[in-house]
Amino acid sequence: MFKIEANVPLQSHNTFGIIAKALQLVGIESTNDISSLLADPTLANAPKFVLGGGSNLVLTGDVKPLVLKVEIMGKRLVAETAKHFIVEAGAGEPWHDFVVWTLDQNMPGLENLALIPGTVGASPVQNIGAYGVELQDRFDSLDYIDLVTGESHTLDAAACEFGYRDSVFKHALHDKALITHVRFALLKTWQHEISYADLDKLAKKKNEQQPTPRMVFDWVCAIRSAKLPNPKVDGNTGSFFKNPVLTPEQCKDIIERDPHVAFYKLLDGNFKLAAAWLIDACGWKGRGVGNAGVHPNHALVLINKGRETGVPATGGEVMTLAKAIQTSVYERFGIKLEIEPVVL
Ligand code: EPU
């Protein structure tokens, strides 16, 4: 049976380390917990917010909707096909621990997504991606409970409508679904994916063109740790903006004017520009607003400077900084950067 707690501090439940509280919070440890919560007439109709690891969240005040803190655990092999292992994890499992577990079981395929903060349940919402692999490339299906009707549903990849840091859970099912379990299809004939520039460079440096899954895992961990701040040390939500996707006409001028601009050509002919480069070019690295700052090593990551200043950043400072960055990138390049985390 679920238990409601009042005025729960959320600082340790959001990786930015922002001080705020949940007016009401319920830990959801099983599908039964959510079913009984939805059977309660008062709670059934209350506005709700689903909280995973809080790694993609900016809190701008206390959270008034009922917070559902997902703590559904468990990792298992659920099926085997001729080509795949189908593995499942409870939504509350920490993502990185699940990646490590799959490697320990000799079922590789998720190693490029190592060290991404957050939970398994949050991973499909923004279709997490890193170093040449997106969640949708390894996804099988997921179960969720409709927070309005209480019904459970299973969705395959097509029904999840995955896009770049995007899914149906940011649109039609926004605030309407609680993901309980996620399944991944991992190829039995593992193939390394090391084409991303940083990985390719490391493979060449180590003279290792046929790495093992464990090597790729170690390389990804090393690259991430060197570039991205550890949220346990300096609060952050990873990339704060999406990389903008432009048509060749839209970015022709920018590329001609600034031949150093970092971009990737997409299969559909469009270009994905590195938001980090655009922000860096506007001189934001290391600058900030109050106790919120731009990471000195990676311009796409906003950090909580609380460790340095002794005062944790507020959500208001983070959003003021984000808006100032958006304005300067727009004024210089005519590009509107889109904020990646959920702002509450
Ligand atoms: N760059 C700069 N200045 C900087 C940082 C980077 O000019 O301060 C340049 C780099 O030199 C590089 C380019 O920008 O040419 C891209 O940088 P990076 O390889 O670090 O990747 P990214 O595009 O900034 C994306 C994801 C990350 C993911 C990495 C690796 C988004 C929004 N971000 O970052 O995902 O880890 O690729 O695949 O797509 C996240 O979503 O939270 C996240 C960390």
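Read the figures in this text as sums done on the coordinates, not as results from a lab. Here the structure is a predicted model, which means the values were calculated and not measured. FYI the Cβ positions are ideal-geometry reconstructions off the backbone, even for glycines, and counts take in every protein chain you see.
Charge dipole of segment 236-343 (Cα centre as origin; +1 on each Lys and Arg Cβ, -1 on each Asp and Glu Cβ, all else neutral): 200 debye, rounded to the nearest 20.
Select from V261, L37, M215 the residue farthest towards the positive end of the dipole of the chain; place +1 on Cβ of Lys and Arg, -1 on Cβ of Asp and Glu, and compute about the Cα centre. The listed residue farthest towards the positive side: V261. Projecting label points 7 angstrom from Cα along Cα→Cβ for Q250 and A79 puts them 3.9 nm apart. Note on the chain: helix-only mean residue ellipticity at 222 nm, from DSSP H runs of 4+ residues weighted -39500 (n - 2.57) and normalised by residue number, equals -7500 deg cm²/dmol. Between T42 and E308, the contour length at 0.36 nm per residue exceeds the Cα-Cα span by 91.3 nm. Projecting the Cα atoms of G121, S141, H84 onto the charge dipole of segment 71-151, computed from C-beta unit charges around the Cα centre, puts H84 farthest toward the positive end.
In loop segments of segment 1-88 as defined by DSSP, the trypsin sites (Lys or Arg not before Pro) with at most 16 further C-beta atoms inside 10 Å of their C-beta are K3, K83.
Between I255, I179, I279, the GNM of the chain built on Cα springs shorter than 10 angstrom shows I255 fluctuating the most. Identify, among N7, H174, A159, the residue whose Cα sits farthest towards the positive end of the charge dipole of the chain, taking +1 on the Cβ of Lys and Arg and -1 on the Cβ of Asp and Glu, with the dipole about the Cα centre. The residue sitting farthest along the positive end of the dipole is N7. Apply the a/c threshold of 1.5 to the C-alpha gyration tensor of the chain and tell me whether it is rounded, prolate or oblate. Oblate. Per the Debye calculation on segment 75-187 with a single equal scatterer at every Cα and no solvent contribution, log₁₀ I(q)/I(0) for q = 0.17, 0.24 Å⁻¹ amounts to -0.76, -1.49. Provide the FRET efficiency to the nearest 0.05 for the A159-T320 pair, computing r from the beta carbons and using R0 = 41 Å. The calculated FRET efficiency here is 0.60. Each residue, R332 and Q209, gets one label point 7 Å from its Cα in the Cβ direction; the gap between the two is 3.9 nm. Once segment 197-344 is represented by equal point scatterers at the alpha-carbon sites, with solvent omitted, what log10 I(q)/I(0) does the Debye formula produce at q = 0.21 Å⁻¹? Per q value, in the given order, log10 I(q)/I(0) is -1.25. Rounded to the nearest 20 debye, the dipole magnitude of segment 151-226 is 360 debye, with +1 charges on Lys and Arg beta carbons, -1 on Asp and Glu beta carbons, and the Cα centre as origin. So how strong a dipole does the chain carry about its Cα centre when Lys and Arg Cβ are +1 and Asp and Glu Cβ are -1, to the nearest 20 debye? Computed about the Cα centre, the dipole is about 900 debye.
So for segment 4-70, averaging the separation of alpha carbon pairs under 8 Å that are six or more residues apart and normalising by length, what relative contact order in percent results? With pairs under 8 Å counted, the relative contact order is 41 percent.
Among all stretches of the chain without exposed GluC sites (Glu not before Pro) (DSSP loop, at most 14 other Cβ atoms within 10 Å), which one is longest? The segment 152-337 is the longest one with no such site. Each other residue within a Cβ distance under 12 Å of S123 adds +1 if Lys or Arg and -1 if Asp or Glu, for a net charge of +1.
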